[in-house]
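A short write-up of the structure that comes next.
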Amino acid sequence: MTAPTDQQLIDFVVRETRLIDQHRFEEWLDLFAEDGFYWMPLEWGQTDPRLTTSLMYEDKLLLKIRVERLKGNRTFSQKPKSRCHHVLQTPQVDSRNEAANEYVTWTPMHYVETRLDQQDLYAAWATHTLAVVDGALKIKLKRVDIVNCDAAFGNIQLFM
Amino acid sequence: MARYRGNLEAIKGLVRETEVHRDVYIDEEVFQLEMEHVFANTWAYVGHDSQVAKPGDYYGTTIGTQPILMVRHTDNTVKVLHNRCPHKGTRITTESCGNTGKFFRCPYHAWSFKTDGSLLAIPLKKGYENTGVEQSHAGRGMSPVKHVHNYRGFVFAKLRDVGPGFEEFFGDSLSSFDNMVDRSPAGRLEVAGGVLRYMHNCNWKMLVENQTDTCHPMVAHESSAGTAIEVWKNAPPGAKKPMAVEIYAPFMAPYEFFENMGIRVWPNGHGHTGVHHSIHSDYSAVPGYFEKMAAAHGEERAKAILGENRHNTVYFPNIMIKGPIQLVRVFKPIAANKTLVESWTFRLVDAPDMLLERTLMYNRLINAPTSVVGHDDLEMYERAQEGLHVDANQWVNLQRLYDPSETPDTTAVTNGTTEWQMRNQFRAWSKFMTMSM
């Protein structure tokens, strides 16, 4: 792949959430570039992940720790396991910069996470910054802005 | 049916020398009495004065379940007021924080109040002529909380006249606040980064007890901290250990580490873990920081300040602070089985940004609703909240390293895995709960 088509970008984002919903976390992790980040801001319109607190700002190492933990025998908050479900609007391609190898998509979504009798619904926008690495699309940054990002939440255990 | 209200003996019977009755966690009547007594007779944390830096700045919060606000008055002092219009009860602040200018104006009928709460004006005032409104509750303005103390920027308030004064209540325990503030080369902190708010379906005291529970990290957090250590083992040889792994790894330290770190108890239910060392002792040095500290305090004093690495300091009734991390956690009671946990972070004024970066990373890795450490803690609290409904055993045990010669309201340093601090909290609970009954 040299320059991805819009449809390839859209398919990538849709498949990404599908891997989460199907608990295919190892494959999901492979979608991230080695220097990729997952960012879930705490503040409305947040611009700085470093000196402003976030709900998550994790590199691939920290994401790997999460994925490994989900498999563990002593992961008590996952006994029984959580499940999740994404409903996406069609991702919109916001920008394409072939020279810089940077493609940005914007995807409004609803995310449901369940465990035992509890079901929580979140509304969010996902912004993907993608790049072609060794012929395949990879995530440089997945930013998830929850509509009520500053509300008091209980456990959010999987990935939006 | 009231089982506890007006029944002093029943309240006293809830706390025994080495165990407490489950009703302190699950009974709504006991919870209501805590709000009226424990949270009114003690000095509760309100906020930090950097949240109200300029005159007219306000911040709305709660003491127990009572809505209050903290405001910077025109004379630059910090006032604490009950957050309701004296007229119809409307909450006065429109946002959780902001600037109100020279006065508060109720959004319902435009009654206005100076920032010390006193009545400024009522529209169409002639309608109150000869009604005696001056002598009414409404005519006296917004009720101030009388007992307010600002300790090095940290603002505390006590709702009732009963109970000890500020110095007597905290005593030597203030040394943990001192260490946090002294870590700033300028001797000043500022609230920074934003507050993490995490809802817990459990009693507030479970969180307080957990702060000095040193026998749970290597068990409950094996899945997060243990996995972090395992994953990092695959790092290329010679790779620099990232800040995140430095933060996670010590949670897996062996029992011996926690035994040797020591616990100190103080009178009135305060205490801390990490007398000799803590999980925060071995973080990498932040470039340029020591030089600034040495310039501000002198080399020897700077070493002493940074050598004090207390782990968790609990202030009765419901906050915990971490000096080396510049973090304050507030366990806000909502109901017997519901607690809002707020985790506030601070910038050390004049210190390198990397310290705030580490503080914020710690906060989101450990204290966020998305934290893999928080997930397992909350799981334990919620299981306990459920399990306590078992009738066959109605007592929670606090016996570890109990010594019958242990006296209440004393200062002592002991083994870091003792449950003395939990016993200390419940002795204080009993004292402040019954003080005004």
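The values are calculated or read from the model by the stated rules, or taken from the named source; none is laboratory data. The model shown is predicted, which means the values in this text are computed figures rather than measured ones. So basically every Cβ, Gly included, is an ideal-geometry build from the backbone, and we count neighbours across all protein chains shown. Only protein heavy atoms, including side chains, enter the accessible area calculation; ligands, DNA and RNA are left aside. Shrake-Rupley method; radii C 1.70, N 1.55, O 1.52, S 1.80 Å.
Observations on the structure shown:
- Restricted to the range B:131-232, the set of strands (runs of 3 or more DSSP E) holding at least 3 residues that are within 14 Å of chain A (Cβ to nearest Cβ), in contact (Cβ under 8 Å) with a residue 40 or more places away in the chain and hydroxyl-bearing (Ser, Thr, Tyr) is empty.
- Filter pass, A:Leu9 being closer than 26 Å to A:Asp150 by Cβ and aliphatic (A, V, I, L, M): no
- Strands (runs of 3 or more DSSP E) wholly inside the range B:318-392 that include at least 1 residues being farther than 25 Å from B:Ala428 by Cβ: B:338-348
- The number of residues in the range B:262-301 being out of contact with any Pro (no Cβ under 9 Å at 6 or more places or on another chain) and open to solvent by less than 20 Å² (accessible area, probe 1.4 Å) comes to 8.
- A:Tyr122 meets the conditions (1) more than 25 Å from B:Asn363 (Cα to Cα); (2) open to solvent by less than 40 Å² (accessible area, probe 1.4 Å); (3) within 14 Å of chain B (Cβ to nearest Cβ) in every case but one. The failed one is (1).
- Residue count for the range B:393-418 under the criterion of being within 27 Å of B:Glu28 (Cβ to Cβ), in a strand (DSSP E or B) and not aromatic (Phe, Trp, Tyr): the result is 2.
- Scope the range B:176-223; condition among the acidic types (Asp, Glu) and closer than 17 Å to B:Gln51 by Cβ; matching residues: B:Glu190
- Contacts under 8 angstrom Cβ, first residue in the range B:47-73 being of a type in the set (Phe, Trp, Tyr), partner surrounded by fewer than 17 Cβ atoms within 10 Å (Cβ to Cβ) and outside any strand (DSSP E or B), 6 or more apart: B:Tyr59/B:Ser96
- Residues of the range A:134-147 satisfying the condition of being aliphatic (A, V, I, L, M) and more than 18 Å from A:Gln7 (Cα to Cα): A:Leu141, A:Val144, A:Ile146, A:Val147
- Of all the residues in the range B:218-248, those that are surrounded by fewer than 23 Cβ atoms within 10 Å (Cβ to Cβ) and either in contact with a helix residue (DSSP H, G or I) (Cβ under 6 Å, 6 or more places away or on another chain) or of a type in the set (A, V, I, L, M) (or both) number 13.
- Taking each residue of the range B:334-357 that is in contact (Cβ under 8 Å) with a residue 60 or more places away in the chain and at the interface with chain A (Cβ under 10 Å from one of its Cβ atoms) and looking for partners that are open to solvent by 40 Å² or more (accessible area, probe 1.4 Å) and acidic (Asp, Glu) with beta-carbon atoms closer than 7 Å, six or more apart or interchain, yields B:Arg347/B:Glu190.
- Residue check for A:Leu116: within 22 Å of A:Asp59 (Cβ to Cβ), of a type outside the set (Lys, Arg) and open to solvent by 10 Å² or more (accessible area, probe 1.4 Å): no
- For the range B:114-124, a tally of residues being in a loop (DSSP other than H, G, I, E, B) and surrounded by fewer than 13 Cβ atoms within 10 Å (Cβ to Cβ) returns 3.
- Only one of the listed residues (B:Gly387, B:Gly416) is more than 14 Å from chain A (Cβ to nearest Cβ) and not β-branched (Val, Ile, Thr). That residue is B:Gly416.
- If you check B:Phe258, B:Phe251 for being away from chain A (no Cβ under 14 Å), surrounded by 17 or more Cβ atoms within 10 Å (Cβ to Cβ) and not hydroxyl-bearing (Ser, Thr, Tyr), only one passes: B:Phe258.
- Of everything in the range B:372-407 that is of a type in the set (Ser, Thr, Tyr) and touching a residue at least 12 places away in the same chain (Cβ under 8 Å), the residue that is surrounded by the most Cβ atoms within 10 Å (Cβ to Cβ) is B:Tyr381.
- Verdict on B:Met433 being of a type in the set (A, V, I, L, M, F, W, C), closer than 19 Å to B:Lys205 by Cα and within 21 Å of the chain's Cα centre (by Cα): yes
- Residue within the range B:342-360 that is at pLDDT 95 or above, of a type in the set (Phe, Trp, Tyr) and open to solvent by 10 Å² or more (accessible area, probe 1.4 Å) present: yes
- As for the range B:311-324, it holds no residue that is free of Cβ contacts under 8 Å to residues at least 24 places away in the same chain, farther than 26 Å from A:Asp150 by Cβ and open to solvent by 10 Å² or more (accessible area, probe 1.4 Å).
- Residue within the range A:66-83 that is touching a helix residue (DSSP H, G or I) at 6+ places or on another chain (Cβ under 9 Å) and closer than 27 Å to B:Leu356 by Cα present: yes
- Per-region count, the range B:122-159, residues among the aromatic types (Phe, Trp, Tyr) and modelled with pLDDT under 95: 0
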